[in-house]
Amino acid sequence: MATMCGRYAASRRPEDLVEEFEVERVEVRQPLPPDWNVAPTKQVYAVLTRAHGGQDEPRRTLRVLRWGLVPSWAKDPSIGSRMINARLETAAEKPAFRRAFSRRRCLVPADGYYEWYTPAQPGGGSGARPRKQPFFIHRADGRPLALAGIYEFWHEPGADPQDPAAWTTTMALLTTSAPDDTGRIHDRAPLLLEPASFEAWLDPARTDPAQVLELLVPAAPGLLEAYPVSTAVNNVRSNGPHLLDPLPPEPPVA
């Protein structure tokens, strides 16, 4: 289980996501407010392809899931706070993720995501640890990112299976080695999908892990841009578009 990505921004409205991701059905009771500091355990938008109540053909659907995957066999949903990411290298094999990776894949829309860069200490010293600098990473063309995710249904033990309140739907983001243009910031990054791969990635009938893995390719060079932002994002209670403001350049050293 990877520790990154751990924060992202998601400010687009459902109607914007319907157009961008060619959503056919919206199952959102209450729109989520814009969030520039999405953290684990929060409710988030996700795009997935499923039949509605098992009664019709699978359709591309916008839903609200909770970030932090809870395996169907878990006794306690609190495990989800530790299951926010799934490493691509092992997701098809890990008991917590393999069923979801095979059958329940989703897209998680994001304006961009945050990573923290740790400056190297001069001379490789072992003094006080340098302060980590957050960076915001986004598409250079301004379009939303489609983060690759997997999702799972969890039923509260002992509750009536017919009671919708007894069910929780959760998700985890897939991570991989960071592309060269962002690898200098952090060695891991969330997996991104391009529109040409959306249909195949979301297809619940595509269950062969080898075929699924073929859909996941590194981000094209130049696709992403990164810039430093305020450490205000470190506090999960901080929110607002100002978190995306670039830091002013440092004055030249005299």
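The values are calculated or read from the model by the stated rules, or taken from the named source; none is laboratory data. Computed from a predicted model, the values in this text were never measured in an experiment. Every residue, glycine as well, gets a Cβ built from its backbone with ideal geometry; the counts of neighbours run over all protein chains shown.
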Check your understanding: Of everything in the stretch 75-129 that's within 23 Å of E225 (Cα to Cα) and in a loop (DSSP other than H, G, I, E, B), which residue is modelled with the lowest pLDDT?
Key -> A120
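Condition check ((1) in a loop (DSSP other than H, G, I, E, B); (2) not acidic (D, E)) across all residues:
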{"position": "C5", "(1), (2)": "yes, yes"}
{"position": "R12", "(1), (2)": "yes, yes"}
{"position": "E19", "(1), (2)": "no, no"}
{"position": "E22", "(1), (2)": "yes, no"}
{"position": "R29", "(1), (2)": "yes, yes"}
{"position": "V44", "(1), (2)": "no, yes"}
{"position": "V47", "(1), (2)": "no, yes"}
{"position": "R63", "(1), (2)": "no, yes"}
{"position": "R66", "(1), (2)": "no, yes"}
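Taking A46, is it in contact (Cβ under 8 Å) with a residue 24 or more places away in the chain, farther than 13 Å from A172 by Cβ and either polar (S, T, N, Q) or crowded, with 19+ Cβ neighbours inside 10 Å (or both)?
Working: in contact (Cβ under 8 Å) with a residue 24 or more places away in the chain: yes; farther than 13 Å from A172 by Cβ: no; either polar (S, T, N, Q) or crowded, with 19+ Cβ neighbours inside 10 Å (or both): yes.
So A46 fails the test.
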Point to revise | Hits in the stretch 130-157 - residues which are in contact with a Ser or Thr (Cβ under 8 Å, 6 or more places away or on another chain) and not in a strand (DSSP E or B) | key: P130, R131, K132, E156
Practice item. Go through the stretch 59-86 and count every residue that is surrounded by fewer than 16 Cβ atoms within 10 Å (Cβ to Cβ), under 17 Å from L107 (Cα atoms) and touching a residue at least 60 places away in the same chain (Cβ under 8 Å). Key: 0
Review point. Going through the stretch 190-224 one residue at a time, which ones are modelled with pLDDT of 90 or more and among the acidic types (D, E)?
Key: E194, E199, D203, D208
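Does the stretch 179-198 contain at least one residue that is outside any strand (DSSP E or B) and on the phi > 0 side of the Ramachandran plot? Please lay out each step first, then the result.
Applying the first criterion (outside any strand (DSSP E or B)) to the stretch 179-198 yields 179-187, 191, 193-198.
Among the residues that remain, those that are also on the phi > 0 side of the Ramachandran plot are: none.
The answer is no, given that none of the residues of the stretch 179-198 is outside any strand (DSSP E or B) and on the phi > 0 side of the Ramachandran plot.
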Exercise for review: Give the stretch 11-65 a look and list any residue that's over 14 Å from the mean Cα position of the chain (by Cα) and acidic (D, E), or say none.
Suggested key: E15, D16, E19, E20, E22, E24, E27, D56, E57
Revision key, fill the gap. Of the residues in the stretch 8-24, those that are among the charged types (D, E, K, R) and either at pLDDT below 95 or touching a Gly at 6+ places or on another chain (Cβ under 9 Å) (or both) come to none
